[in-house]
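Chemist: Dropping a structure here in structure tokens format, bear with me for questions.
Coordinate-derived values only; no laboratory data. In this text the structure is predicted, and so the values were computed from the model without any measurement. No Cβ is skipped: glycine too gets one built from the backbone with ideal geometry, and neighbour counts run over all protein chains shown.
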Amino acid sequence: MAPASLSDLIAALPSNDGWGPPVSNETMLDGVPFAPYSKADKLGRMADWTEGKDRDRQGRQQYGRNYRDQQAYGANQQTNPFAIQAAEEEASFSVVDNTRTSARTRGFGRGGGTVFRGRGQRGGQTQRGGRGGTFQKVGGRGQQYDNRGGRGGRGGRRFGWRDDKPQRNRDASVQVKPDWNVLEEIDFARLSKLNLDTGAGEDIDDYGFLYYYDRSYDKQPGAKTSERKLNVLERAAYNVTTSSDPVIQELAEKDEATIFATDNILSMLMCATKSVYSWDLVISRRGNKVFIDKRDSSNLDMVTVNENATDAPLEISEGNKDSINSPGALMLEATHINNVFPLQVVQESKTSKLDMSHEHPFYNEDVETDPPASKAYRYRRFDLSLDRDDEPLHLIVRTELDAVVKNNINGEDQYMTIKALNEFDNKAQGSGGALDWRTKLASQRGAVLATEMKNNSCKLARWAVQSILAKADTMKLGFVSRTNPKNNNDHVVLGVLTNKPRDFANQMALNLNNGWGIVRTIVDMCLKMDEGKYVLVKDPNKPMLRLYSVPENTFEEEVEMSQVAEEDADE
């Protein structure tokens with residue numbers, strides 16, 4: 001049989017069919033729709049175990065410059081019918097990794113540490129910083145690090161930083177009664193934005209007397225020849241609250257001002273944003289007058305120690321086994337030192353002293369057995385008025401001066417305040433990284449003072465404010481240390497530094513206008529309210545002030561009980 005020709009083969013084909021599979025109009029294959037294919041689709045590997053993780057982290061896959069904005073093929077697993085569904089028996093499947101973990105693990109949180117590497121600067125064994133980068137340990141349990149710069153160069157983010165330091169639950173300075181009503185809550189962030197430009201103030205009157213300062217204490221601090229034992233002298237000292245001051249009562253009757261306070265009280269209010277411990281003030285409105293007082297046995301009379309330290313002293317209940325280094329014991333010690341130190345550094349002489357215009361306002365020689373301490377009281381007035389005020393708003397504050405000294409150039413009398421910093425144990429918990437004063441005060445005086453400014457910023461700011469309010473020419477700052485770190489009864493004076501109050505405030509970046517703004521804000525709140533008694537309390541655990549409205553007889557029972565106790569003790 002002859003082979004068929006091509007034309008015969010074509011003629012033998014069915015007339016309705018062509019080459020290839022049969023043509024069909026169906027769009028479904030066993031119930032599954034066909035998926036369109038585009039040249040822009042990126043076909044992945046047969047088994048890509050990293051696709052899900054990358055999708056969760058980035059949100060969508062990006063491939064190539066030409067198709068970066070197009071979605072990857074099969075990326076939407078919820079609507080993709082070809083996505084592999086895990087079988088039920090795979091739920092118990094897990095991967096076991098027996099590889100040893102590297103010592104340099106990147107982690108954060110409790111017990112975690114991290115090493116940041118940056119370009120350029122080469123660090124030590126556990127530190128490699130980039131340009132502008134630092135490697136700093138942040139306190140708390142575990143290890144946390146703050147990287148500024150790192151691989152990102154200057155100003156890098158603090159990756160994964162978290163403060164793991166346990167929150168301390170301190171007690172409030174005063175017990176809030178159920179019948180106290182909260183009127184205002186002010187956080188420190190709002191207070192720090194206040195500003196009021198107030199003048200230098202004017203003198204109204206002065207009382208008391210001052211002894212002259214002993215210049216022999218101005219020897220080189222830290223030198224062996226400058227060490228002197230701190231002696232305890234019995235002198236009559238007073239800390240009378242505002243409304244109990246007879247001079248302020250007289251000035252209020254003469255309508256000399258609207259607001260009345262003492263420098264101890266006013267400095268606490270002006271430095272409120274630097275405080276950590278709880279404190280309280282009693283504010284009384286009588287007519288159009290506002291009196292800012294403190295309670296009897298208030299902690300405003302106490303001198304704190306390392307209040308602002310990163311790792312402040314612990315209470316006995318918090319695990320501190322050294323009772324003499326607890327916050328309460330340190331406050332008693334520091335208060336005692338600041339009571340006796342100003343008495344020791346003056347030359348007591350009945351003939352060589354400076355008398356003020358009036359006699360001591362609180363001393364009564366018929367009652368007191370001890371002689372009065374060197375103290376002058378200046379009553380000064382400040383103008384807190386604003387341009388929009390219809391009437392002027394003035395404040396009178398009672399300020400204190402501790403001694404006087406002759407100027408070496410012109411022989412004029414210069415007034416001064418005298419305060420003392422105290423060292424308890426630079427190796428104990430709560431020391432705040434303080435240097436050893438005996439070895440470092442002479443050679444690294446600036447470092448010692450800078451550390452104290454960091455650990456005691458609230459206390460030092462208050463001292464600077466009190467000196468400025470009193471218009472003191474100088475502020476003497478003594479350095480007093482324990483004779484033995486384990487004994488808090490015996491002390492030695494290591495030296496005295498002299499500072500200009502305003503220069504000292506500038507060195508601490510203390511904004512006096514912000515302090516006056518806080519005072520004006522609190523006073524405005526009270527002037528808008530009815531006559532009565534109010535209590536301003538610093539929250540013990542939050543940077544916040546609360547203003548309460550309290551009954552008129554609040555704290556009066558405590559005063560009566562204290563008077564009865566004193567009478568019983570005298571009998």
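Chemist: Sort region 219-265 into rounded, prolate or oblate with this rule: let a ≥ b ≥ c be the square roots of the eigenvalues of the Cα gyration tensor; rounded if a/c is under 1.5, and if a/c is not under 1.5, prolate when a/b is larger than b/c, oblate otherwise. Spell out each step's value before the answer.
Modeler: Details: a/c = 5.29, a/b = 2.85, b/c = 1.85.
Here region 219-265 falls in the prolate category.
Chemist: Give the share of C-alpha pairs in each 10 angstrom bin for region 292-332, from 0 to the last occupied bin, in whole percents, shortest bins first.
Modeler: The percentages, shortest bin first, are 29, 45, 21, 5.
Chemist: Rounded if a/c is under 1.5, else prolate if a/b beats b/c, else oblate: with a ≥ b ≥ c from the C-alpha gyration tensor eigenvalues square-rooted, which is region 259-325?
Modeler: Details: a/c = 3.48, a/b = 2.49, b/c = 1.40.
Prolate, because a/c is 1.5 or more and a/b exceeds b/c.
Chemist: Hey, what do the phi angles of region 430-441 turn into as Karplus ³J(HN,Hα) couplings, whole Hz, using 6.51/-1.76/1.60 and θ = phi - 60°, x for Gly and Pro?
Modeler: x, 6, x, x, 5, 7, 6, 5, 5, 9, 10, 5
Chemist: Among residues other than GLN444 whose Cβ falls under 15 Å from its Cβ, what is the net charge (Lys/Arg +1, Asp/Glu -1)? Don't skip to the end; give the middle numbers.
Modeler: Numbers: positive: ARG438, LYS440, ARG445, LYS454; negative: GLU423, ASP436, GLU452.
Once positives and negatives cancel, what remains is +1.
Chemist: Using Cβ counts within 10 Å as a stand-in for footprinting exposure, how do SER326, SER385, SER467, SER297 rank, fewest first?
Modeler: Working: SER326 19, SER385 16, SER467 31, SER297 10.
Fewest-to-most ranking of SER326, SER385, SER467, SER297: SER297, SER385, SER326, SER467.
Chemist: Also: Apply the Karplus parameterisation 6.51 cos²θ - 1.76 cosθ + 1.60, with θ equal to phi minus 60°, to every residue of region 458-469 and state each ³J(HN,Hα) to the nearest whole Hz, in sequence, with x for glycine and proline.
Modeler: Coupling constants for region 458-469: 5, 5, 5, 5, 5, 5, 5, 5, 4, 5, 5, 4 Hz.
Chemist: For region 317-466, what does the alpha-carbon gyration tensor say about shape, rounded, prolate or oblate, given a ≥ b ≥ c as the root eigenvalues, a/c under 1.5 as rounded, and a/b over b/c as prolate? Show your work: numbers first, answer last.
Modeler: On the way: a/c = 1.71, a/b = 1.39, b/c = 1.23.
It comes out prolate by the Cα gyration axes.
Chemist: Same structure again: Any idea which of THR304, TRP437, VAL404 is furthest toward the positive side of the dipole for region 192-570, if Lys and Arg beta-carbons carry +1 and Asp and Glu beta-carbons -1?
Modeler: TRP437
Chemist: How much space per residue, in cubic angstrom, does the convex hull of the C-alpha atoms of region 192-570 take up?
Modeler: Working: hull volume 61.5 nm³, N = 379.
Residue-normalised Cα hull volume stands at 162 Å³.
Chemist: With 28 Å as the limit, write out which pairs from LYS229/LYS486; LYS353/LYS454; LYS500/LYS533; LYS419/LYS486 have Cα-Cα distances beyond it, or answer none. Walk me through the numbers before you get to the answer.
Modeler: Details: LYS229/LYS486 17 Å; LYS353/LYS454 37 Å; LYS500/LYS533 38 Å; LYS419/LYS486 23 Å.
Among LYS229/LYS486; LYS353/LYS454; LYS500/LYS533; LYS419/LYS486, the Cα-Cα distance tops 28 Å for LYS353/LYS454; LYS500/LYS533.
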